[in-house]
Amino acid sequence: ALGGIGGRPVLAPEAAAALVGRPPDAAAARDAAQRAAAACDPQEDIHAPAQYRRDLVRAMTRRALEQAFAA
């Protein structure tokens with residue numbers, strides 16, 4: 001689920017699908033993060049433009065997955 005990009009959290013099934021059947025490695029994390037960013041439609045407001053939030057989705061998804069894979 002992605003938070004902070006709209007009025008409520010949203011699921012990212014495209015990102016989850018990128019992980020199915022793959023080893024938990026950096027390449028899988030990058031692919032899932034890219035898919036999450038491409039699939040999201042963040043709101044734009046006075047605090048952040050939509051592209052910034054999309055980039056943030058990409059970075060934070062990758063980091064979260066890499067940390068989960070390392071545990």
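The values are calculated or read from the model by the stated rules, or taken from the named source; none is laboratory data. Keep in mind that what you see is a predicted model, and the values were worked out from it rather than measured. Please note: Cβ atoms are built from the backbone with ideal geometry, for glycine as well, and neighbour counts cover all protein chains shown. Ligands, DNA and RNA are stripped out before the accessible areas are found, and what is left, the full protein with its side chains, is counted by its heavy atoms. Shrake-Rupley method; radii C 1.70, N 1.55, O 1.52, S 1.80 Å.
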_Where the second residue is part of a loop (DSSP other than H, G, I, E, B) and open to solvent by less than 80 Å² (accessible area, probe 1.4 Å) and the first is farther than 19 Å from A70 by Cβ and lies in segment 6-27, which pairs have Cβ atoms under 9 Å and are six or more apart or on separate chains?_
G6/C40; G6/P42; P9/G3; V10/G3; V10/C40; A12/C40
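Select from segment 19-45 the residues that are of a type outside the set (A, V, I, L, M, F, W, C) and closer than 16 Å to A59 by Cβ and write down the one among them that is modelled with the lowest pLDDT. Explain how you work it out, then say what you get.
At the first step, the residues of segment 19-45 found to be of a type outside the set (A, V, I, L, M, F, W, C) are 21-25, 30-31, 34-35, 41-45.
Okay, now just the ones that are also closer than 16 Å to A59 by Cβ, so 30-31, 34-35, 42.
Values: R30: 97, D31: 98, Q34: 98, R35: 97, P42: 93.
Going through the qualifying residues, I end up with P42.
Rundown of residues vs (1) surrounded by 11 or more Cβ atoms within 10 Å (Cβ to Cβ); (2) in a loop (DSSP other than H, G, I, E, B); (3) in contact with a strand residue (DSSP E or B) (Cβ under 7 Å, 6 or more places away or on another chain), yes/no style:
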{"site": "R22", "(1), (2), (3)": "yes, yes, no"}
{"site": "A33", "(1), (2), (3)": "yes, no, no"}
{"site": "A38", "(1), (2), (3)": "yes, no, no"}
{"site": "D45", "(1), (2), (3)": "no, yes, no"}
{"site": "R54", "(1), (2), (3)": "yes, no, no"}
{"site": "R63", "(1), (2), (3)": "yes, no, no"}
{"site": "A68", "(1), (2), (3)": "no, no, no"}
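Right, A16: open to solvent by less than 50 Å² (accessible area, probe 1.4 Å) and either modelled with pLDDT of 95 or more or not in a loop (DSSP other than H, G, I, E, B) (or both) or not?
no
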*Hey, can you tell me all the residues within segment 32-65 that are within 16 Å of L2 (Cα to Cα) and charged (D, E, K, R)?*
R35, D41, E44, R53, R54, D55, R58, R62, R63
